[in-house]
């Protein structure tokens, strides 16, 4: 069993394949955190929890003569504010009398087969044979407030999930101004935090920071998980690398405002917390009501970042991505946006589609501009019916003709948004999130619809269903092109406006759930101006996300490098675009653009009609390569062989099949040099004693040689040249 309870000492132990989590109910009833790290069996580790009398660190009333027992220094599973713990905490409540204190004490627990579910929220999915759940009930005796801590254990995936519910078990109203989902207390402060910062068109760039005294935090208050930060972080030893060191990952299964915070305290302990960002958040709990906090996914590796990423990639593929697309090859697509943007006719699209079909492309995607009065980004958004001036045959006529060419049809939508110049806004101006009497902030000339309102969700469900039924689309790109501001909901009283942002996200999830359940075999791709909402929450409904609006291959190397720490290649939308690139003006070889895009869900985003005969021949070969290699790339283990942020000369990455019989190694030369030094890349993840050939050649190498001696990289001419090796066991 993965969850054990020892009743005499009231110790809970959770085991995964390589890790152990332990906690203990103290003699005063507090739930203390004991240990999280490498697997240790048959051992009560509570000897690690110690206390001495420290000035200005008080004791609970019942422990007045036990001065070494202080919530200000003890490691805890779920710390609260107002009762003596002055470190960053998880729960802050305001009671009817104005007091702001919570002390949670153990009441009971239960252990059962299977994985808990969170009503209205996405979470890791697992069967009764794949997971166990531990629920621990805690209670504040003074007010009746109750908290249930949920621990989901996926032993084979080396994953523990955390979530909780807060219930008002008293008789008067309680306001929750901070409800974080997870806390982990670590002994010692010699830790680094890896976070992934960015901006639009340059997301998830690795940042490594020492955890200082005080607090180190990343987060978003933009209403989305954002381009600027990602709700995935790693805490690790200061000497941790790809193949060594203790590493702890935390992934928030949520797509809205979030906070991830680490703090080194006065006695050199480190605390980490994660959950909904408290800025602007305030949730009212009437007597008997319950609030469910989103899930955090935790995984541990004692062997560096590489194993941690393998754990997470397997988890996404097996237990997060929609089941209909688990292990399924994604079609090679052509997206219309960078080729024509808003400026197209039906004949333009059919001409592009015909050229694409001749190249072997399998899916034609019509991006923005097909609906309402949508000739630019200032109008039409929200009017989900075809613009018959552009598409005289309508969606059904256009999609039928594309299917007759042997391709599937896909289409772009942005259901959460509206232009003021639209039929929808003129009919329902009160459906937007906007503050009465105040002119709203605009982004891309659009406002945000209040998806916390049932009538808005019903309208959008009906509109998108009509689009789906008319077009018979096999693919939908769901975009979201602005942050939230001026947040005020016409359906909430003034005292509950602090709930609007979270209710918006709950509404998004409900709409996604209904549509993806109604059309389960449609390939849904998430997008928010690229990777502005790249998180586990969206991936629970949509098996891939457009990684970035930046399609420059050299920039994408950095973006996809950071993304790979927490997310698998099969979740990464990645396309070959034109050269010079639209965003940067950089020129890169077509083969390099393809090799970078192959490290994700492969497609094209350029005007294929303008290609030369040689370029078309190259694309046909690239598509054949994708068909041949997709199972290794999208289902295999991923290894980062270099760090492009530290190595300006070249970058390399590798995919290895789960049976270790096949691998794909990619190298891109970032900076060509005169009289260059020789380069050698050491593979990873192969069988030490197995024999391999490279690209079908005559020479035979042992896995040991390829991993420890390495693969010589040929001398190339010119920047951004790409070399790809296909390694197969003999």
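Every number in this text was worked out from the coordinates using simple rules, so none of it is lab data. This structure is a prediction, so every number in the text was calculated from the model and none was measured. Positions of Cβ are generated from backbone atoms using ideal geometry, with glycine treated the same way; all protein chains shown enter the neighbour counts.
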Note to self: C-alpha centroids of the stretch 458-524 and the stretch 621-669 sit apart, in Å, by 35 Å
Two pseudo-spin positions, 7 Å from Cα along C-beta at residue 268 and at residue 350, lie apart in nanometres by 7.5 nm
Computed, not fitted: 222 nm per-residue ellipticity of the chain from DSSP H runs ≥ 4 (each -39500 (n - 2.57)), nearest 500, equal to -5500 deg cm²/dmol
Rounded to whole angstrom, the alpha-carbon centroid of the stretch 222-294 lies from that of the stretch 542-581 at a distance of 24 Å
Packing-ranked peptide list from 429-436, 664-671, highest mean Cβ count within 10 angstrom first, is 664-671, 429-436
Rounded to one decimal in nm, the spacing of the 7 Å Cα→Cβ label points at residue 646 and residue 469 is 5.7 nm
Expected unfolding gain across residue 631-residue 329 under the 0.36 nm per residue rule, minus the alpha-carbon gap, is 108.0 nm
Checking rank on 179-187, 345-353, 281-289, with mean other Cβ inside 10 Å and highest first, the result is 179-187, 345-353, 281-289
Of the candidate values (i) -0.58, -1.19, -1.31, -1.39; (ii) -0.43, -1.01, -1.26, -1.71; (iii) -0.37, -0.84, -1.02, -1.37, the one computed for log10 I(q)/I(0) by the Debye sum over Cα atoms at q = 0.06, 0.09, 0.10, 0.12 Å⁻¹ from this structure is (iii)
Helix 553-564 sits off the longest principal axis of the Cα atoms of the chain, rounded to the nearest 10 on a 0 to 90 degree scale, by 30 degrees
For the stretch 3-320 the mean separation of alpha carbon contacts under 8 Å (6+ apart) over residue count, i.e. relative contact order in percent, is 17 percent
Quick calc: nm separation of the 7 Å Cα→Cβ label points for residue 207 and residue 373 -> 4.2 nm
1/(1 + (r/R0)^6) with r = Cβ-Cβ of residue 497 and residue 454, R0 = 22 Å, i.e. FRET efficiency to nearest 0.05, evaluates to 0.80
Full extension between residue 340 and residue 215 adds, at 0.36 nm per residue less the Cα distance, a length in nm of 40.3 nm
Ordering 58-68, 23-33 by per-residue average of other C-beta atoms within 10 angstrom, highest first, gives 23-33, 58-68
Per residue, the convex hull enclosing the alpha carbons of the stretch 650-729 has a volume in Å³ of 83 Å³
Dividing the mean separation of Cα pairs under 8 Å (6+ apart) by the residue count of the chain yields a relative contact order in percent of 10 percent
If the chain between residue 617 and residue 691 were fully extended at 0.36 nm per residue, the gain over the current Cα-Cα distance would be 23.3 nm
